[in-house]
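Let me begin by presenting the structure, written as structure tokens, before commenting on it.
The values are calculated or read from the model by the stated rules, or taken from the named source; none is laboratory data. The shown structure was predicted, so the numbers you read here are calculated from the model rather than taken from an experiment. Neighbour counts are summed over all protein chains in view; Cβ atoms, including those assigned to glycine, are modelled from backbone coordinates with ideal geometry. Each accessible area value is taken on the protein alone, full model and side chains, heavy atoms only, with ligands, DNA and RNA left out. Shrake-Rupley method; radii C 1.70, N 1.55, O 1.52, S 1.80 Å.
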Amino acid sequence: MNMTVRLEEMELEDFKNVRHGKFQMPSALKKETRTADILGIYGQNGSGKTAVIDAFCMLQRILCGKALEDDAASYINVDSSKATISLTLRILDSRMETLGLYTYRISVASKDGKAFIDSEILSVRKKQENGYGREKVLIRYEQGSLDFKPEATFKRIVKASKNTALDLMVASRMAERTASSFIFGRDGGFDVFSRLEGDFKEDYAMPISTIRSYAETSLVVLSTRESGIGKDDKLHLSFQKKNTQGMASLGQLTIDLRHSQVLTIEEEKQLRRMIKEMNTVLSAIVPHLELGLYTAGEELTDSGKKGVRIEIVSLKNGKAIPLRFESEGIIKIISILNILLCVYNNPSVCLVIDEFDASIFEYLLGELISVFSQGAKGQMIFTSHNLRILEMIDKDSVIFSTSNPDNRYIRMTNIKNTNNLRDVYIRSILLGGTKENIYEETDSHEIGMALRKAWREDEEK
């Protein structure tokens, strides 16, 4: 059965500078799963916007069964011993009927500067005639345990197979050793749960396999390093592809814009497919612009595979120039365009992107957001500083970060359809009136005095 997964809400506790923060997607507020689902995060510098992106980065790794990154301990709030992330996902069947709301909650702690998964809980609220039932804990696991809770569930699963108890004990040790998830770990509990049959298949194997597949194929998280062009002049092209069995997977192709490079035959074919798809849309976004691919013959890759030397060029009115000479804004659009195509057409794809507005002309940015908020089937979460978007998007599609670390994310209330959200936001910064302070006041005179003072101190040295 083909499943669709939709993000409902996220909650952070003691993650970076967020002691507590929680937000819902617009579709969760409206209780509607068939409409566009776009969420922008706005706020003062250092108020917790990028914390959301980092939390998604960590979660995606964990749900894919990968180990925590080496710097994961730095995400724990300096005044806390652990950081906790909760993610609620709606799983729907092929008819877009809800099977349940699944919440995954994970706590990350550190010892001697190295992060480890302290505990994880997977729970569910099943669909009933009049809403949803009570939350039921499916798996609760704590590091160091040889089994998991609820105990009754553990006994039932072990009873179904003699080898299951041993397999789960090994899985817990592997999870502890590799700093990965017991539930979703590649060499851990995931393999055990995915083999369960009977009632366990629906209760455990289905949601665990579906959520991990979602993380591997449909959840795309792009930091500022992974969209646009980096300091090393490398372009990172994110894409979703399907194999011969129709199974989707995520991929990223890195292109060196400084000079031509050798790609494998398969990579060159993938790049051609991406360019063909992007050209269908690109000229509508940037008039008279298309991409081209120049090839300079076959060569062997560094690993000895058969390859092709290529260079991406931009074509304007039939004239080709190397792509590296285009503006940062155009390169930014190109880097994410393939994934934007997926978000617009695939209800299960969720794009999470930091500083979506960077280098993009604000009028064009507003038009893009307007188109996606009206017609996209998938989901997108982005951070931005460009206020033009606030004039093009529904009030429920924006949350604002606050200066209160105990309540980091809020929505504006009492906003009428005739109100301009951009004007309301600026007025709230200047005059207040929101339930939380959304801007920690700065003084232009103090800034000027500080600049002069710093200069004088430097001269005195």
Q. Residue-wise, which Karplus ³J(HN,Hα) couplings in Hz belong to the range 304-316, taking 6.51 cos²θ - 1.76 cosθ + 1.60, θ = phi - 60°, and x for glycine or proline?
A. x, 7, 5, x, 9, 7, 10, 8, 8, 10, 9, 10, 10
Q) Given labels modelled 7 Å from the Cα in the Cβ direction, how far is it in nm from residue 284 to residue 241? A) 2.5 nm
**Q.** Vicinal HN-Hα couplings computed from phi for the range 345-353 (Karplus, 6.51 cos²θ - 1.76 cosθ + 1.60; Hz; Gly/Pro x)
**A.** 10, 10, x, 9, 7, 10, 9, 10, 9
Q.
Testing the spin-label approximation: label points 7 Å from Cα along Cα→Cβ at residue 78 and residue 387. State their distance in nm.
A. 3.1 nm
Q) What do you get when you divide the Cα radius of gyration of the range 260-308 by 2.2 N^0.38 Å, with N the number of residues? A) 1.37
Q: Normalise the Debye intensity by I(0) for the range 316-435, one equal point scatterer per Cα, no solvent, then take log10 at q = 0.13, 0.19, 0.23 Å⁻¹ and round to two decimals.
A: -0.63, -1.14, -1.41
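Please work out the ratio of the alpha-carbon Rg of the range 385-441 to 2.2 N^0.38 Å and round it to two decimals. Before the final figure, lay out each step's value.
On the way: Rg = 10.9 Å, N = 57, 2.2 N^0.38 = 10.2 Å.
Ratio of Cα Rg to 2.2 N^0.38 Å: 1.07.
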Q | Sorted peptide list for 206-213, 319-326, criterion being average Cβ within 10 angstrom, highest first | A | 206-213, 319-326
Q | Solvent-accessible surface (1.4 angstrom probe) belonging to residue 350, in square angstrom, nearest 10 | A | 0 Å²
**Q.** Potential extension, residue 202-residue 370 segment - 0.36 nm per residue separation minus Cα distance
**A.** 56.6 nm
Q) With r defined as the distance between the Cβ atoms of residue 363 and residue 137 and R0 fixed at 45 Å, what FRET efficiency is calculated, to the nearest 0.05? A) 0.35
**Q.** 21 Å Cα-Cα threshold exceeded, pairs from 66/111; 66/332; 30/201; 276/316
**A.** 66/332; 30/201
Q. How much of the accessible area of the range 265-341, in percent, comes from carbon and sulfur atoms when a 1.4 Å probe is used?
A. 52 percent
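How big is the Kirkwood radius of the range 27-146, worked out from every pair of different alpha carbons and given in Å to one decimal?
Evaluated over the range 27-146, this radius sits at 16.6 Å.
For Cα pairs less than 8 Å apart in space and 6+ apart in sequence, what is the mean separation divided by the residue count of the range 1-96, i.e. the relative contact order in percent?
About 49 percent, as a whole number.
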Q | Cα centroid separation, the range 388-427 to the range 22-93 (Å) | A | 19 Å
**Q.** Per-selection metrics, the chain (Cα): Rg and Dmax in Å
**A.** 24.1, 79
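If I stretch the segment between residue 301 and residue 155 completely, what's the gain in nm (0.36 nm per residue apart, minus their alpha carbon distance), one decimal?
Working: separation 146, 0.36 × 146 = 52.56 nm, distance 5.29 nm.
That works out to 47.3 nm of additional length.
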(Q) Students often forget the sequence filter, so: which aspartates and glutamates lie under 13 Å Cα-Cα from residue 377 once same-chain residues fewer than 8 apart are removed? (A) 32, 37
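Considering just Cα atoms, how many Å³ per residue does the convex hull of the range 357-418 enclose? Present the calculation step by step, with values, prior to reporting the outcome.
Details: hull volume 6.9 nm³, N = 62.
In the range 357-418, the Cα hull volume divided by residue count equals 111 Å³.
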Q. How much accessible surface does residue 71 have with a 1.4 Å probe, in Å² rounded to 10?
A. 80 Å²
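When the gyration tensor of the range 229-346 is built from Cα positions, what are the square roots of 5 times its three eigenvalues, in whole Å, from largest to smallest?
Working: eigenvalues 90, 79, 34 Å².
Largest first, the range 229-346 gives 21, 20, 13 Å.
Given a 1.4 Å probe and heavy atoms of the protein chains only, how would you sort 250, 282, 368, largest accessible area at the top? Please report the intermediate quantities before stating the final value.
On the way: 250 55, 282 0, 368 25 Å².
Listed by decreasing accessible area, they come as 250, 368, 282.
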Q: Let me know the charge dipole size of the chain about its Cα centre in debye, to the nearest 20, where only the beta-carbon of Lys, Arg (+1) and Asp, Glu (-1) is charged.
A: 1300 debye
Q | Under the Karplus curve 6.51 cos²θ - 1.76 cosθ + 1.60, θ = phi - 60°, whole-Hz ³J(HN,Hα) for the range 53-58, x wherever Gly or Pro sits | A | 5, 5, 5, 5, 4, 5
